[in-house]
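Read through the structure below, which is laid out as structure tokens, and then see the notes.
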Amino acid sequence: MSDSRIDLRSYVPAAEVRARGQALRERVPLHARDRAAEGSRRPEVLEFIAASNEGRLSHLVPLRIGRMITSPFTFYRGAAGLMAADLADGPDTGLVAQLCGDAHAANFGLYGTPRGEIIMDINDFDETILGPWEWDLERLAASLVLAGRESGAGEDDCRAAAHDAARAYRLAVRQLAERPFLESWSALPDESVLSEAAAHDLIDDFKKAAKKARKNTSAKVVAKWTEHLDDHETGISKHRFVSDPPILTAVDEQVATAITDGLERYADTLRESRRNLIARFAVSDIAFRIVGTGSVGLHTYVALLHGNEGEALVLQVKQANPSALAPYLPVPPPKHEGKRIVQGARLVQSESDILLGWTSVDPTGNGTELPFIVRQFRNLKGSIDPAALSASDLDDYGRLAGALLARAHARSLDPRLLAGYLGDNDERFDDAVANFAVRYADRTETDHAALVAAVRAGKIAAEQPQ
């Protein structure tokens, strides 16, 4: 048993905790977030791109660049580290939370619980790290402005979405601070969050996305991406992936063996009952699959396992890079980057994938093991595309995401302390976040234009996504 322990002998009254938070306003006023977009530690755009491409599979880097030049919003989605350089110079209350690290609007999604319920929450934790709670909120707010511009919303509507995300965050923090601890811990995971966040216009979008998510299963992956094989020696019915380059490609036997070895070790990072569950399956096939924008060029695989009477399970085995925020925060490097991601997700999400874990794999056979996370590839996942919403729906989406982010932060940061700082009815904070969000969206459009110009000038190669 660890020697570290918590203190269960003393209790600090809520009023005292709130007063501590309120006192922080003297050092960091609510309006302090209304500031310039650029920080002194910001690198040049092409310098940032070059640094972020280090260690990636070189033949896939042009595809990553191709995805990033699609629009300012897609550029933003691959540039969490660039924004971290700017945020590092921003006002800091000193209150630390377990950050998503990349809390842009498209990183909120639907997924299924072990009981088959559809919930909505933050669903990407590659950059998760302990840091200033403000960083997640400001990244969310700026992303809403960019998503709105991409969908054709007016400037007033884009700013309103950012403003209302900050307001919903503030109000949700206040509500969570007033609830019993056990109740606030698991608040807002299901469709009821729409009412809590006053996001009524999203009800139809949520139901449509949830209906689609219920069909998003391993069985659907098998039906679309595999071919059937009969093992006549064992009588077991199996499947294997059908290559669809460059997105889905076969791997050689050495890679397949290394990934399978990693999966066998990964079972030790699961809770005991879940270890027993995964042990009942067997691997049928392994393939390389490109995902996302920020992850393009990393080692990412899908593993097809077969179970009971034709049952299929698809796991994603994804390389875990250091958090892009780490260079700008006083946090010691973790012993395992995959463990960092898994522990961050377990702390932040209301409910996490029961098969979420980590492992180490040497996919190249050169004797160097890389850290990976493992999770279900399709466990009733769904999404609402913020860049395709109408202006009124974008505003509702902002309120929804703001409320969900507040609940996520309340897992690691006492909401009573944060509520004391934010206050009850003071919109200066909301206005300041919105002003910064618009300013940062402008900055991102300039950064995106610089990358596009570099591609057109032949300074950097880009491959258009399929």
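The values are calculated or read from the model by the stated rules, or taken from the named source; none is laboratory data. Computed from a prediction, not measured in an experiment: that's the story for all the values here. Note that each Cβ is placed from the backbone with ideal geometry, even for glycine, and that neighbours are counted across all protein chains shown.
Could you run through segment 308-331 and say how many residues are closer than 20 Å to D261 by Cβ and surrounded by fewer than 20 Cβ atoms within 10 Å (Cβ to Cβ)? Don't jump to the end; show me each part of the working.
We begin by selecting, within segment 308-331, every residue closer than 20 Å to D261 by Cβ; these are 313-320.
Now narrow it down to the ones that are surrounded by fewer than 20 Cβ atoms within 10 Å (Cβ to Cβ): 316.
Of the residues in that region, 1 qualify.
What is the one condition in (1) assigned to a helix (DSSP H, G or I); (2) without any contact (Cβ under 8 Å) to a residue 12 or more places away in the chain that A161 does not satisfy?
(2)
Looking at segment 108-118, which of its residues are under 18 Å from the mean Cα position of the chain (by Cα) and either at pLDDT 95 or above or more than 28 Å from F429 (Cβ to Cβ) (or both)?
Our first condition is that a residue be under 18 Å from the mean Cα position of the chain (by Cα); within segment 108-118, this holds for 108-113, 118.
Passing the criteria: L110, Y111, G112, T113, I118.
Kindly establish whether R5 is farther than 30 Å from V452 by Cβ, modelled with pLDDT under 95 and over 21 Å from the mean Cα position of the chain (by Cα).
Details: farther than 30 Å from V452 by Cβ: yes; modelled with pLDDT under 95: yes; over 21 Å from the mean Cα position of the chain (by Cα): yes.
Here the answer is yes, as R5 does meet what is asked.
Which one of the conditions (1) under 18 Å from the mean Cα position of the chain (by Cα); (2) in contact (Cβ under 8 Å) with a residue 12 or more places away in the chain does L389 fail to meet, given that it meets all the rest?
(1)
For residues that are more than 30 Å from K215 (Cβ to Cβ), out of contact with any strand residue (DSSP E or B) (no Cβ under 8 Å at 6 or more places or on another chain) and buried (at least 24 other Cβ atoms within 10 Å of the Cβ), tally how many sit in segment 114-137. Walk me through how you get there before you give the answer.
Within segment 114-137, the first condition is being more than 30 Å from K215 (Cβ to Cβ), and the residues that meet it are 129-137.
Cutting the leftovers down to out of contact with any strand residue (DSSP E or B) (no Cβ under 8 Å at 6 or more places or on another chain) gives us 134, 137.
Within this subset, residues satisfying the condition of being buried (at least 24 other Cβ atoms within 10 Å of the Cβ) are 137.
Matching residues across segment 114-137 total 1.
Does at least one position in segment 106-113 carry a residue that is assigned by TED's automatic domain parsing to the domain that holds A406 and over 19 Å from P386 (Cβ atoms)? Spell out how you get there, then give the answer.
First pass over segment 106-113, keeping only residues assigned by TED's automatic domain parsing to the domain that holds A406: 106-113.
From the residues that got through so far, the ones that are over 19 Å from P386 (Cβ atoms) too are 112-113.
Yes, segment 106-113 contains a residue that is assigned by TED's automatic domain parsing to the domain that holds A406 and over 19 Å from P386 (Cβ atoms).
Which residues, taken from segment 252-305, are under 30 Å from A79 (Cβ atoms) and assigned to a loop (DSSP other than H, G, I, E, B)?
Within segment 252-305, I290, V291, G292, T293, G294, S295, V296, G297, L298, H299 qualify.
Does R411 satisfy being within 22 Å of the chain's Cα centre (by Cα) and either in a helix (DSSP H, G or I) or surrounded by 21 or more Cβ atoms within 10 Å (Cβ to Cβ) (or both)? Don't jump to the end; show me each part of the working.
On the way: within 22 Å of the chain's Cα centre (by Cα): yes; either in a helix (DSSP H, G or I) or surrounded by 21 or more Cβ atoms within 10 Å (Cβ to Cβ) (or both): no.
Taking the combined requirement at face value, the residue does not satisfy it.
Just one of the numbered conditions (1) closer than 25 Å to A312 by Cβ; (2) surrounded by fewer than 22 Cβ atoms within 10 Å (Cβ to Cβ) is not true of I373; which one?
Failing condition for I373: (2).
Would you tally the residues in segment 95-141 being assigned to a helix (DSSP H, G or I) and either of a type in the set (D, E, K, R) or closer than 16 Å to A406 by Cβ (or both)? Reasoning before the result, please.
We begin by selecting, within segment 95-141, every residue assigned to a helix (DSSP H, G or I); these are 105-107, 133-141.
This time we only want the ones that are either of a type in the set (D, E, K, R) or closer than 16 Å to A406 by Cβ (or both), so: 105, 107, 133-141.
Of the residues in segment 95-141, 11 are assigned to a helix (DSSP H, G or I) and either of a type in the set (D, E, K, R) or closer than 16 Å to A406 by Cβ (or both).
Being touching a strand residue (DSSP E or B) at 6+ places or on another chain (Cβ under 9 Å) and at pLDDT below 90 is the filter; apply it to segment 224-247 and report the residue that is farthest from L380 (Cα to Cα).
D231
I'd like to know if segment 168-191 contains one or more residues that are on the phi > 0 side of the Ramachandran plot and either among the aliphatic types (A, V, I, L, M) or in contact with a helix residue (DSSP H, G or I) (Cβ under 6 Å, 6 or more places away or on another chain) (or both).
The initial filter retains those residues of segment 168-191 that are on the phi > 0 side of the Ramachandran plot, namely 188.
So of that shortlist, the ones also either among the aliphatic types (A, V, I, L, M) or in contact with a helix residue (DSSP H, G or I) (Cβ under 6 Å, 6 or more places away or on another chain) (or both) come out as 188.
Yes, because at least one residue in segment 168-191 is on the phi > 0 side of the Ramachandran plot and either among the aliphatic types (A, V, I, L, M) or in contact with a helix residue (DSSP H, G or I) (Cβ under 6 Å, 6 or more places away or on another chain) (or both).
Sort through V452, V433 and tell me the only one that's surrounded by fewer than 24 Cβ atoms within 10 Å (Cβ to Cβ) and assigned by TED's automatic domain parsing to the domain that holds D205. Step through it out loud before you land on a result.
On the way: V433 fails: surrounded by fewer than 24 Cβ atoms within 10 Å (Cβ to Cβ).
Result of the check over V452, V433: V452.
Could you check, for segment 338-345, whether at least one of its residues is under 21 Å from W133 (Cα atoms) and in a loop (DSSP other than H, G, I, E, B)?
Taking every residue of segment 338-345 in turn, none turns out to be under 21 Å from W133 (Cα atoms) and in a loop (DSSP other than H, G, I, E, B).
Being within 15 Å of the chain's Cα centre (by Cα), crowded, with 18+ Cβ neighbours inside 10 Å and of a type in the set (K, R): is that true of R346 here?
Numbers: within 15 Å of the chain's Cα centre (by Cα): yes; crowded, with 18+ Cβ neighbours inside 10 Å: no; of a type in the set (K, R): yes.
Considered against the rule, which asks whether it is within 15 Å of the chain's Cα centre (by Cα), crowded, with 18+ Cβ neighbours inside 10 Å and of a type in the set (K, R), R346 comes out as no.
Kindly provide the set of residues from segment 429-466 that are outside any helix (DSSP H, G or I) and in contact with a helix residue (DSSP H, G or I) (Cβ under 8 Å, 6 or more places away or on another chain), ordered by number.
Filtering segment 429-466 down to residues outside any helix (DSSP H, G or I) leaves 457-466.
K459, I460, A461, A462, E463, Q464, P465 - these are the residues of segment 429-466 that are outside any helix (DSSP H, G or I) and in contact with a helix residue (DSSP H, G or I) (Cβ under 8 Å, 6 or more places away or on another chain).
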